[in-house]
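A.B. asks: Below is the structure I would like to discuss, written out as structure tokens.
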Amino acid sequence: MARVIKFEEVAKHKERDDCWLAIFGKVYDVTSFLEDHPGGDEVLLAVTEKDATEDFEDVGHSDSAKEMMEKYYIGDLDSTSVPPRKKYKPPQQVAHRPDDSGFALKIMQFLVPLLILGIAFALRFYGKKED
């Protein structure tokens, strides 16, 4: 009979010298595989402390990779101890409320270019008189 491992126990093994992963309801001690993993050890270390099944599936591992997992198998995951997945909650956006500065902004967008144009003409006009 396979050893049943609580999720809390799996989550404790999250270091380079002691790394366990929970994938498909099974627990794997991948410590000795960290250096050989084609994606690097950081990829495996990033999925510790959670159920890594979805991450494993997203990559699309080959059949040989799935067969290779058997030698790292150490037990079954106690499914009752797995915490519920956190659902993505998008950040709340503050509703944009146009305020009274909209009118002032439009006036400024009109007046500032006119002011610059007026200054340019004034400099040109006074610049020619002095020559």
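A.B. asks: Given the conditions (1) at pLDDT 90 or above; (2) assigned to a helix (DSSP H, G or I); (3) over 23 Å from Arg16 (Cβ atoms); (4) not basic (Lys, Arg), which single one is not true for Phe103?
C.D. replies: So Phe103 meets the others, but not (1).
A.B. asks: A further question follows. Need pairs with beta-carbon distance below 6 Å; first residue within 11 Å of Gly25 (Cβ to Cβ) and within the range 67-86, second open to solvent by 50 Å² or more (accessible area, probe 1.4 Å) and hydrophobic (A, V, I, L, M, F, W, C); sequence gap 6+ or separate chains.
C.D. replies: So the pair list comes out as Asp76/Val4; Asp78/Val4.
A.B. asks: Limited to the range 37-48, what total is found for residues that are assigned to a loop (DSSP other than H, G, I, E, B) and surrounded by fewer than 16 Cβ atoms within 10 Å (Cβ to Cβ)?
C.D. replies: From the range 37-48, those assigned to a loop (DSSP other than H, G, I, E, B) are 37-40, 47-48; that's our starting set.
Filter once more, so that each one left must be surrounded by fewer than 16 Cβ atoms within 10 Å (Cβ to Cβ): 37-40.
Total satisfying the criteria: 4.
A.B. asks: Those residues that are hydroxyl-bearing (Ser, Thr, Tyr) and surrounded by 13 or more Cβ atoms within 10 Å (Cβ to Cβ), I need them from the range 49-71; list them, please. Give the steps one after another, and end with the answer.
C.D. replies: Let us first name the residues in the range 49-71 that are hydroxyl-bearing (Ser, Thr, Tyr), namely 53, 62, 64.
If the condition is that a residue be hydroxyl-bearing (Ser, Thr, Tyr) and surrounded by 13 or more Cβ atoms within 10 Å (Cβ to Cβ), then Thr53 is the only one that fits.
A.B. asks: Please go through the range 69-96 and pick out each residue that is under 17 Å from Trp20 (Cβ atoms) and out of contact with any helix residue (DSSP H, G or I) (no Cβ under 8 Å at 6 or more places or on another chain).
C.D. replies: Step one: filter the range 69-96 for residues under 17 Å from Trp20 (Cβ atoms), giving 69-79, 81-83.
Answer for the range 69-96, where residues must be under 17 Å from Trp20 (Cβ atoms) and out of contact with any helix residue (DSSP H, G or I) (no Cβ under 8 Å at 6 or more places or on another chain): Met69, Glu70, Lys71, Tyr73, Ile74, Gly75, Asp76, Ser79.
A.B. asks: Of everything in the range 1-22, what is within 11 Å of Lys50 (Cα to Cα) and aliphatic (A, V, I, L, M)? Give them in sequence order.
C.D. replies: Answer for the range 1-22, where residues must be within 11 Å of Lys50 (Cα to Cα) and aliphatic (A, V, I, L, M): Val10, Ala11, Leu21, Ala22.
A.B. asks: Same structure again: List the residue pairs whose Cβ atoms are under 6 Å apart, where the first residue sits in the range 1-26 and is aromatic (Phe, Trp, Tyr), the second is assigned to a strand (DSSP E or B), and the two are 6 or more positions apart or on different chains.
C.D. replies: Once the first residue is aromatic (Phe, Trp, Tyr) and sits in the range 1-26, its partners that are assigned to a strand (DSSP E or B) give Trp20/Val27; Trp20/Asp29.
The values are calculated or read from the model by the stated rules, or taken from the named source; none is laboratory data. What you are looking at is a predicted structure, and each value in this text was computed from that prediction instead of being measured. In this analysis, Cβ positions are derived from the backbone assuming ideal geometry, glycine residues included, and neighbour counts consider all displayed protein chains. Note: areas computed on protein heavy atoms with side chains; ligands, DNA, RNA excluded. Shrake-Rupley method; radii C 1.70, N 1.55, O 1.52, S 1.80 Å.
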